[in-house]
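The structure appears right after this line, and notes come after that.
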Amino acid sequence: MATYKSLESLKSAILKEVRSAVDAAAQESKNVLQKNVDEFYTIPEGRYHRIGMLQAAPQLDTVFETKNGAIAQVSINTGTQYDPAGRDTETIYGYAEADGLIGKGGFWERSKEEIPKILEEEIEKRLG
């Protein structure tokens with residue numbers, strides 16, 4: 001086990017590990033969101049042809065360090081110009097999430113359930 005000359009060096013070492021865990025968890029969380037969104041397309045189309053906009057929407061917005069750790073944000077990009085039937089992208093993606101379109105909804109909810117576990121695992125790996 002490492003020894004630290006001061007409380008400040010111990011704090012610095014812990015923060016480095018926390019930041020590393022947040023970064024790794026953010027990357028894996030984006031992958032989980034992508035996997036869950038990809039599952040939307042496992043339901044056959046039928047007569048309606050999907051163009052795959054949602055599949056390109058998962059994104060890792062930011063990972064940045066703070067004084068006491070790190071913050072990451074994973075989201076679904078609703079800023080793209082896509083307005084079938086006169087509805088904005090955010091509305092259409094909301095229908096998709098709620099099983100209101102042909103596809104497997106619940107991708108965001110499933111991701112929100114999985115992501116905290118990912119962060120816990122990454123912190124456990126480093127500080128366990």
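The values are calculated or read from the model by the stated rules, or taken from the named source; none is laboratory data. Note that the structure is a prediction, hence the values are computed from the model and not measured. All Cβ positions, even for glycine, are placed from backbone atoms using ideal geometry, and neighbour counts span all protein chains on display. When the accessible area is computed, the model is the full protein with side chains, heavy atoms only, and any ligands, DNA or RNA have been set aside. Shrake-Rupley method; radii C 1.70, N 1.55, O 1.52, S 1.80 Å.
Values as computed for the structure displayed
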quantity	calculated
Estimated 222 nm signal from helices in the chain, with DSSP H stretches of n ≥ 4 weighted -39500 (n - 2.57), rounded to 500	-17500 deg cm²/dmol
The range 2-128 - percent relative contact order, Cα under 8 Å, separation 6 or more	34
Residue-span extension gain [I71 to A56] - 0.36 nm each, minus C-alpha spacing	3.1 nm
Top positive-direction residue, dipole computed over the chain with Cβ charges, set G69, A26, I118	G69
Solvent-accessible heavy-atom area per residue, rounded to whole Å², over the chain at 1.4 Å	65
Amide H within-cut-off set for V74, under 5 Å, with H built and near neighbours excluded	D61
Residues in the range 31-56 reached by a label modelled at E114 [backbone nitrogen below 18 Å; 7 Å Cα→Cβ]	31-43, 54-56
FRET E, pair D88, Q27, Förster distance 30 Å, beta-carbon r, rounded to 0.05	0.55
Gyration tensor verdict on the range 55-128 (Cα atoms; rounded if a/c is under 1.5, prolate if a/b is larger than b/c, oblate otherwise)	oblate
Kirkwood Rh and Cα Rg combined as Rg over Rh, evaluated for the range 25-98	1.07
Estimated dipole of the chain in Debye, rounded to 20 [Cβ of Lys and Arg +1, of Asp and Glu -1, Cα centre]	320
Potential extension, K125-L15 segment - 0.36 nm per residue separation minus Cα distance	38.2 nm
Whole-percent pair-distance distribution, where bins are 10 Å wide, for the alpha carbons of the chain	12, 34, 25, 16, 9, 4, 1
Helix runs (DSSP H) in the chain reaching 27 Å along axis by Cα, Kyte-Doolittle at least -0.5	7-40
Area of V74 that stays accessible when all protein chains are in place (1.4 Å probe, Å², to 10)	30
